[in-house]
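Asks: Quick one: the structure is below, questions incoming.
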Amino acid sequence: MDVYCSNNVLQARRAVEQLRLETELQRIKISAAAEQLVQYCQEHRRADPLLTGIAASSNPFKDKKTCVLL
Amino acid sequence: MGEMEQLRKEAESLKDDITAARKAVQDLTLQDHVAGTAVVGRVQLKTRKTLRGHLAKIYAMHWGTDSKLCVSASQDGKLIVWDSYTTNKVHAIPLKSSWVMTCSYAPSGNMVACGGLDNMCSIYNLKGKDGNVKVMRELAAHTGYLSCCRFLNDNEIITSSGDCTCVLWDIETGSQKTVFAGHLGDCMSLGVAPDFNTFISGACDFTAKLWDIRDGQCRQTFGGHESDINAIGFFPNGNAVITGSDDASCKLYDLRSDQELITYQDSSIMCGVTSIAPSLSGRLILAGYDDFNCNIWDSLKAERVGVLSGHDNRVSCIGVTPDGMACCTGSWDSFLKIWN
């Protein structure tokens, strides 16, 4: 789908302006971008409960079973 | 040669320039970079709570910043604020229009908002003096349905609409501060950056756009999807964007290299993605699908590492708590489930 096509001249002019703006973006190398993503995941790995698992005693969503001594 | 033809040629040329600029930074792929990294182990989450009470399809849910309260919206015409630890309903708010498609919890916890086919975003004050929850403001100006809304603070909210625009509102005055125009199709979803300076929108023109909240400019546009983008979110570090589409795939776009880094898809998955959320570290991406399931992806290796099955109808919304402790899924089966 050609997202920049239009019948209206004003819209077409705006689209060209927008494209000019986007062309000027400073892009970093993918190796650097990938490294940062991986690093972030690594650094926060231990603090991610869905990844590490949660002990039953510290899981606020787990019903705590109490023992009743009869 | 008319002006239209000239403009069309210039547009094509600029698009080629952007494609070339993106290619120029492709020194490596994400897959190459993580070739030596192991896939995360199988993630098996259990349903810890089921929130029962809605009488019709649930269309949206959003966690409060305390990671305990959450709000859900259903086409039974109610917004329910739940205490997810106890499953108690803290508020059950009747709506003027039952055709609700989105809801949001203010970061302060003082307000919730919702909207849908009424084309309006209604703001409710949860902390009114007499204890009753009342409509505080009705933000009306969109000429299409309200697909998503997210509070920046108690006085500013961003909405996305079927009229192809997103709007930043001043809640106190009820006026539009900024209109973000540029999408060529219905805007379906939005996500606010962790630093609150930018937001992203996903639309039915198959693109995602990054917007500067203060100056209203579209900074970047991401293509690649082959159908409507229904869901969008930021990677936790704010430097990447994840999207979910009717083309049955999810994608990760890096903002600084301005391109797609990876696609999450499987030949066995043929239905649309309705909702998406990253885990706290970003290593897991949870996505809700039309086939009643939610798939969990290893975000770096693009492999499916878990499934959440338990709903009897489409998973329409998903959210991970700010503290990362649990994920909530909402479904057309009228239930919300909390998993961890």
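Please treat every number below as a calculation from the coordinates, not as lab data. What you see is a predicted model; the values in this text were computed from it and never measured. Cβ coordinates were reconstructed from backbone atoms using ideal geometry, including for glycine residues, and neighbour counts include every protein chain displayed.
Asks: Placing unit charges on C-beta atoms (Lys and Arg positive, Asp and Glu negative, everything else neutral), compute the dipole magnitude of segment B:211-340 about its Cα centre in debye, rounded to 20.
Replies: 380
Asks: For peptide B:216-224, compute the average count of partner chain beta-carbon atoms within 10 Å of each residue's beta-carbon.
Replies: Mean inter-chain Cβ contacts per residue within 10 Å come to 2.
Asks: At q = 0.24, 0.31 Å⁻¹, what base-10 log of I(q)/I(0) does the Debye formula yield for segment A:2-52 when every alpha carbon is treated as an equal point scatterer in vacuo?
Replies: So the normalised log intensities work out to -0.89, -1.06.
Asks: For chain B, list log₁₀ I(q)/I(0) at each q in 0.07 Å⁻¹, using the Debye formula over Cα point scatterers of equal strength and ignoring solvent, two decimals each.
Replies: Reported log10 I(q)/I(0), two decimals: -0.28.
Asks: Tell me the label-point distance for the pair B:THR87, A:ARG13, using the 7 Å Cα-to-Cβ offset, in nm and rounded to one decimal.
Replies: Label at B:THR87, label at A:ARG13, 6.1 nm between them.
Asks: Turning to a different aspect of this structure: Within 10 Å, count the other beta carbons around each residue, average over each peptide in B:241-249, B:256-264, and list them highest first.
Replies: B:241-249, B:256-264
Asks: Compactness ratio of segment B:82-145: Cα Rg over 2.2 N^0.38 Å, N = residue count?
Replies: 1.17
Asks: Quick one: Cα centre-to-centre distance for segment B:98-175 and segment B:238-313, in angstrom?
Replies: For segment B:98-175 versus segment B:238-313, the Cα centre distance is 27 Å.
Asks: Per q in 0.11 1/Å, what log10 I(q)/I(0) does a Debye calculation on the alpha-carbon atoms of segment B:22-112 return?
Replies: Once normalised to I(0) and log-transformed, intensities are -0.51.
Asks: How are the Cα pair distances of segment B:68-192 distributed, in percent, across 10 Å bins from 0?
Replies: That works out to 14, 47, 31, 7, 0, in percent per bin.
Asks: Considering chain B as a Gaussian network with a 10 Å cut-off on Cα pairs, which listed residue, B:ARG48, B:ARG314, B:ARG304, attains the greatest mean-square fluctuation?
Replies: Fluctuation is largest for B:ARG48.
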